[in-house]
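Each reported figure results from applying straightforward, stated rules to the coordinates on display, with no laboratory input. These numbers were taken from a predicted model, which means no experiment stands behind them. So basically every Cβ, Gly included, is an ideal-geometry build from the backbone, and we count neighbours across all protein chains shown.
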Amino acid sequence: MPAQLSRDALKGRWLRAPELDGSTGRVYIADRGAPSRPRAALELLADGSYVETKIGPTDRSARRSGRWQLKGATLRLLAAAETGSSRTIEVIEATPERLVIKEG
């Protein structure tokens, strides 16, 4: 679990990288330009809102949005009523290039 995790460490657009997953959790990488193929994404904005994009089997995307909160190493995604349910996520690692999470 990261020490002294801050909102600034999580802000930005993160792309899902399942090929990097390990036993510790699901891996996201910082969005540094157009990915070579469609990827799910999680964007945590400075104003406390978020947008999550999932890629379906036909490469069509579905978006979910809402508000995000951080308490210690626990990230809560509070979905807008029309886009789904809220989720609690444990942040395992947060660096400028990599975000590792476990959903709980």
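How far apart, in nm, are the 7 Å Cα→Cβ label points at R37 and L78?
Modelled inter-label distance: 3.7 nm.
Could you give each residue of segment 63-80 its phi-based ³J(HN,Hα) in whole Hz, using Karplus coefficients 6.51, -1.76, 1.60 with θ = phi - 60°, and x for Gly or Pro?
Once rounded to whole Hz, the list reads 10, 10, 9, x, 10, 10, 9, 10, 9, x, 9, 9, 9, 10, 9, 9, 5, 4.
Taking amide H positions as placed in the peptide plane 1.01 Å from N, state which residues far from G66 in sequence (5 or more) or on other chains have amide H under 5 Å from it.
Long-range HN contacts for G66: Y50, A80.
Once you place label points 7 Å from the Cα toward the Cβ at D47 and S23, how far apart are they in nm?
4.3
Spin-label point model (7 Å from Cα, Cβ direction): what's the Q4 to S86 distance in nm?
Result: 2.9 nm between the two label points.
Please compute the length gained on full extension between E103 and R63, using 0.36 nm multiplied by the number of residues separating them and subtracting their Cα-Cα distance.
Gain on extension, E103 to R63, equals 12.5 nm.
Which whole-number percent of Cα pairs in the chain have a distance greater than 18 Å? Walk me through the numbers on the way to the answer.
Numbers: 2474 of 5356 pairs.
Roughly 46 percent, rounded to a whole number.
Dipole size in debye (nearest 20) for the chain around its Cα centre, Lys and Arg Cβ +1, Asp and Glu Cβ -1? Write out the running numbers ahead of the final one.
Working: 18 positive and 13 negative charges, 36 e Å.
Using Cβ point charges on Lys, Arg, Asp and Glu, the chain gives about 180 debye.
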